[in-house]
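> Take a look at the following structure, please.
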Amino acid sequence: MTDHVAYAICGMNEIPSQKARGFQLMIVAEDGSHRPWPIIVVRWGRQVFGYLNRCPHDGVNLDWERNQFLDQNGIRLMCGKHGALFELGT
């Protein structure tokens, strides 16, 4: 059985529909050490998606400017370093 964890990050109305916002959280390891956990939250109407803010190709954060994560059409996440596109919901 898989454990599911839920976090309250912000209110739904703090992210406009069809927009994304980045958050810098921390993970506490079993030994008590802390490490950064940068995430992206995307709101699409009543749906909310959460992603790790990390390009799987280069290991860099996706935002090309602060809280700028979506492509020019506003429908996919885009890596600010090399332009890779990622479908929302996948």
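> With the other protein chains left in place, how much accessible area per residue, in square angstrom, belongs to the chain at a 1.4 angstrom probe?
With the other protein chains kept in place, the chain gives 72 Å² per residue.
> Give me the one-decimal nm value for the distance between modelled label points at PHE49 and GLU65, 7 Å along each residue's Cα-to-Cβ direction.
Going from the PHE49 label point to the GLU65 one covers 2.2 nm.
> Pull the list of the chain cysteines that no other Cys approaches to under 4.7 Å, Cβ to Cβ.
Flagged as lacking a Cys partner: CYS10.
> With a 1.4 Å probe and all protein chains left in place, how much of the accessible area of the chain comes from carbon and sulfur atoms, in whole percent? Could you put the intermediate results ahead of the total?
Working: 3230 of 6520 Å².
Heavy-atom surface of the chain belonging to carbon and sulfur, 1.4 Å probe: 50 percent.
> Which GluC sites (Glu not before Pro) in the chain sit in a loop by DSSP (not H, G, I, E or B) and have at most 13 other Cβ atoms within 10 Å of their own Cβ? Please report the intermediate quantities before stating the final value.
Numbers: sites: GLU14, GLU30, GLU65, GLU87; in loops: GLU30.
The qualifying sites are GLU30.
> Next question, about the same structure. Binning every alpha carbon pair distance of segment 11-55 at 5 Å from zero, what are the percents per bin?
Going from the shortest bin to the longest, the percentages are 6, 21, 24, 18, 14, 9, 6, 2.
> Return one quarter of the surface area of the convex hull spanned by the alpha-carbon atoms of the chain, equal to its mean projected area, in nm². Walk me through the intermediate numbers first.
Details: hull surface 29.0 nm².
Over every viewing direction, the Cα hull of the chain projects on average to 7.3 nm².
The values are calculated or read from the model by the stated rules, or taken from the named source; none is laboratory data. The shown structure was predicted, so the numbers you read here are calculated from the model rather than taken from an experiment. Note that we place each Cβ from the backbone using ideal geometry, even for glycine, and neighbour counts take in every protein chain shown. SASA here: full protein model, heavy atoms, side chains in, ligands and nucleic acids out. Shrake-Rupley method; radii C 1.70, N 1.55, O 1.52, S 1.80 Å.
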